[in-house]
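Take a look at the structure set out below.
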Amino acid sequence: MHTPRGPRDWPLCSPCISAVLACPRCGGCLASAALRCLARADTSSAAAEVSSLKGKSGTLNLVPDVRVVRDEACSAVFLVQIRRLLDDAYADDFAEEDWQHTAGGWRVIVLDGQSPVAHAAVVPRLLHVSERQFQTGYVEAVATLTSKQTQGLGALVMSHATSLVRAHFEMGALSTGRLDFYKRFGWEPWQGPSFVRDGAELIRTPDEDDGLMVLRFGPSADIDLTASIVCEQRSGDAW
Ligand SMILES: CC(C)(COP(=O)(O)OP(=O)(O)OC[C@H]1O[C@@H](n2cnc3c(N)ncnc32)[C@H](O)[C@@H]1OP(=O)(O)O)[C@@H](O)C(=O)NCCC(=O)NCCS
């Protein structure tokens, strides 16, 4: 049996220089190495590498198949599957309004065969920090099927979601109870007061302050984390 010698033996994933789809002779290291590549956004070449290895390893289902899709490219059946995944991960505490909040942008999805097993949505929102407004990539519904958790799939979708935010927006934001999970991707806890704008009225949202995180880069790189942050009102949770 072939013994993997380590990441230096494995093909490199350009441009992120992480080992990915490693060791075509050994399914074991193939699976673990694929999970090391957390910065990759180009899923088309990854898919090509996957299919080139398919016949050799016989363990394709161990290699995360990551897709980045726009909503309009998702069939109704596929959206139902994603909704089921979210209901499972959030233990049926995922409201219809939460689902609506995932629509209108991109979805990062890990497939196991035809079935989605991990998901993150990136949707456009307009946020204000102090007097400045930012086209923001707002991350929603980061979730992994309960039976597939703690295998790195959540990190995988979040890595791609972070790349999407950087590529298409001026700032990133999200609301979470798991700050540490997101810090590894460069997200920072917001330290100032949060508000929601409802017409002309600014309403303070103090319960949200501790869970808000932002991704600063480009035009938002210099924003003050202790300033006020404002989102527009929407049905369900504002943040
Ligand atoms: C949060 C959530 C998406 C994480 O998904 P996941 O696929 O389990 O994420 P990962 O496997 O990448 O990481 C989870 C933990 O497993 C660990 N882990 C990853 N691979 C591992 C492995 N092979 N062996 C052991 N631990 C591993 C990670 O280090 C991480 O630990 P940490 O949380 O202490 O940092 C998932 O728990 C979930 O769906 N929760 C319900 C919905 C939810 O709360 N979403 C977030 C709302 S903001």
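The values are calculated or read from the model by the stated rules, or taken from the named source; none is laboratory data. What you are looking at is a predicted structure, and each value in this text was computed from that prediction instead of being measured. Cβ placement follows ideal geometry from the backbone for every residue including glycine, while neighbour counts extend to all protein chains displayed. Just so you know, the surface numbers come from the protein's heavy atoms only, side chains and all, with ligands and any DNA or RNA stripped out. Shrake-Rupley method; radii C 1.70, N 1.55, O 1.52, S 1.80 Å.
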Next item on the list: Name every residue in the stretch 124-142 that is touching a strand residue (DSSP E or B) at 6+ places or on another chain (Cβ under 7 Å) and more than 9 Å from the ligand (Cβ to nearest atom), in order of residue number.
Entry: Pro124, Arg125, Leu126, Leu127, His128, Val129, Gln133, Phe134, Gln135, Thr136, Gly137, Tyr138
Next item on the list: Would you mind stating whether Trp239 is more than 30 Å from Leu111 (Cα to Cα) and either of a type in the set (Val, Ile, Thr) or more than 9 Å from the ligand (Cβ to nearest atom) (or both)?
Entry: no
Checklist line | Output for the stretch 76-86, where each listed residue is within 14 Å of the ligand (Cβ to nearest atom), over 21 Å from Ser235 (Cβ atoms) and touching a strand residue (DSSP E or B) at 6+ places or on another chain (Cβ under 8 Å) | finding: Leu85
Margin query: So in the stretch 93-126, with the set limited to residues that are part of a strand (DSSP E or B) and among the charged types (D, E, K, R), which one is most open to solvent (accessible area, probe 1.4 Å)?
Written below: Asp112
Notebook entry, point to check: Is it true that Thr136 is within 14 Å of Leu212 (Cα to Cα), touching a helix residue (DSSP H, G or I) at 6+ places or on another chain (Cβ under 9 Å), surrounded by 21 or more Cβ atoms within 10 Å (Cβ to Cβ) and polar (S, T, N, Q)?
Noted result: yes
Notebook entry, point to check: within 25 Å of Ser75 (Cβ to Cβ), in contact (Cβ under 8 Å) with a residue 12 or more places away in the chain and more than 12 Å from the ligand (Cβ to nearest atom), is that true of Leu145?
Noted result: no
Note to self: What's the total number of residues in the stretch 129-151 that are under 12 Å from the mean Cα position of the chain (by Cα) and not aromatic (Phe, Trp, Tyr)?
What the structure shows: 7
Item checked: Tally, over the stretch 151-174, of residues that are open to solvent by 50 Å² or more (accessible area, probe 1.4 Å) and either within 14 Å of the ligand (Cβ to nearest atom) or within 17 Å of Val68 (Cα to Cα) (or both) -> 4
Check: Of the residues that make up the stretch 177-192, is at least one within 7 Å of the ligand (Cβ to nearest atom), small (Gly, Ala, Ser) and either farther than 29 Å from Arg84 by Cβ or at pLDDT 95 or above (or both)?
Finding: yes
Item checked: Residue list for the stretch 87-104, filter: more than 15 Å from the ligand (Cβ to nearest atom) and in contact with a strand residue (DSSP E or B) (Cβ under 6 Å, 6 or more places away or on another chain) -> Gly104
Check: Just one of the numbered conditions (1) under 22 Å from His101 (Cα atoms); (2) touching a helix residue (DSSP H, G or I) at 6+ places or on another chain (Cβ under 8 Å) is not true of Pro193; which one?
Finding: (1)
Note to self: For the stretch 94-113, give me the residue count where each residue is of a type in the set (Val, Ile, Thr) and more than 21 Å from Gly172 (Cα to Cα).
What the structure shows: 1
Next item on the list: Take the residues in the stretch 209-224 that are exposed (fewer than 14 other Cβ atoms within 10 Å of the Cβ) and under 21 Å from the mean Cα position of the chain (by Cα), then tell me which one is farthest from Ser175 (Cα to Cα).
Entry: Gly218
